[in-house]
1. If amide hydrogens are placed 1.01 Å from N in the peptide plane, which non-local residues have theirs closer than 5 Å to the one on Arg45?
2. I want the antiparallel fraction of DSSP beta bridges within the chain, as a percent rounded to 5.
3. Relative contact order of the stretch 1-71, please, whole-number percent, based on alpha carbon pairs below 8 angstrom and at least 6 residues apart.
4. Once the whole set of protein chains is in place, how much accessible area is left on Glu3, using a 1.4 Å probe, in Å² to the nearest 10?
5. In the chain, once you exclude exposed chymotrypsin sites (Phe, Trp or Tyr not before Pro) (DSSP loop, at most 14 other Cβ within 10 angstrom), what's the longest stretch remaining?
6. Rank these residues by their accessible area, most exposed first, probe 1.4 Å: Asp88, Asp98, Asp68.
7. Kindly report, to the nearest 10 Å², the accessible surface of Leu56 as traced by a 1.4 Å probe over protein heavy atoms only.
8. Could you work out how far helix 7-16 tilts from the main Cα principal axis of the chain, as a 0 to 90 degree angle to the nearest 10?
Amino acid sequence: MLEVSDLKESIAFYEEKLGFSCTNKMGDNWAMLSSGKVDLMLSARFSVEKYPQTVLTGSIYLYTNEVDQLWERLKDKVEVSYPIDSFDYGMREFGILDCNGYLITIGQVSEDSEV
């Protein structure tokens with residue numbers, strides 16, 4: 001579950017940019033989004049006074065079998081954190097930022113990987 005500053009804006013980002021569908025929603029406080037086998041929950045911010053900015057010291061990693069096709073579809077629609085590349089650890093991936101600043105990494109095992 002990701003805390004977001006603006007639930008409506010976040011739902012729109014995931015639907016319009018990434019192809020998710022909002023499958024459940026409770027007012028302006030919570031939503032469930034789905035895309036294929038991926039479900040994502042969003043919630044309104046709980047502790048804005050204590051934590052004024054969204055905080056995540058990692059990334060949300062989404063595995064796919066269509067990383068190159070997703071890159072072509074998304075690269076001009078979203079803020080790119082790092083472009084598609086094949087890495088020594090056996091993954092072909094890219095990173096984007098959602099409208100809240102969360103890093104989403106999308107990748108697949110490289111064809112020549114032993115992973």
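The values are calculated or read from the model by the stated rules, or taken from the named source; none is laboratory data. Every value quoted in this text rests on a predicted model; they were computed, and no experiment measured them. Neighbour counts run over all protein chains shown; Cβ positions are idealised from the backbone, glycine included. The accessibility values were calculated without ligands, DNA or RNA, using every heavy atom of the protein model including side chains. Shrake-Rupley method; radii C 1.70, N 1.55, O 1.52, S 1.80 Å.
1. Close amide H contacts, sequence-distant or interchain: Val4.
2. Numbers: 23 of 30 bridges.
So the antiparallel bridges in the chain amount to around 75 percent.
3. On the way: 79 pairs, mean separation 21.3, N = 71.
Answer for the stretch 1-71 is 30 percent.
4. Surface open to solvent at Glu3 totals about 60 Å².
5. Numbers: sites that count: Phe46, Phe87, Tyr89.
Counting only loop sites that pass the neighbour cut-off, the longest clear stretch is 1-45.
6. Working: Asp88 170, Asp98 10, Asp68 65 Å².
Reading off the accessible areas and sorting them downward yields Asp88, Asp68, Asp98.
7. The accessible area of Leu56 comes to roughly 90 Å².
8. Approximately 30 degrees, to the nearest ten.
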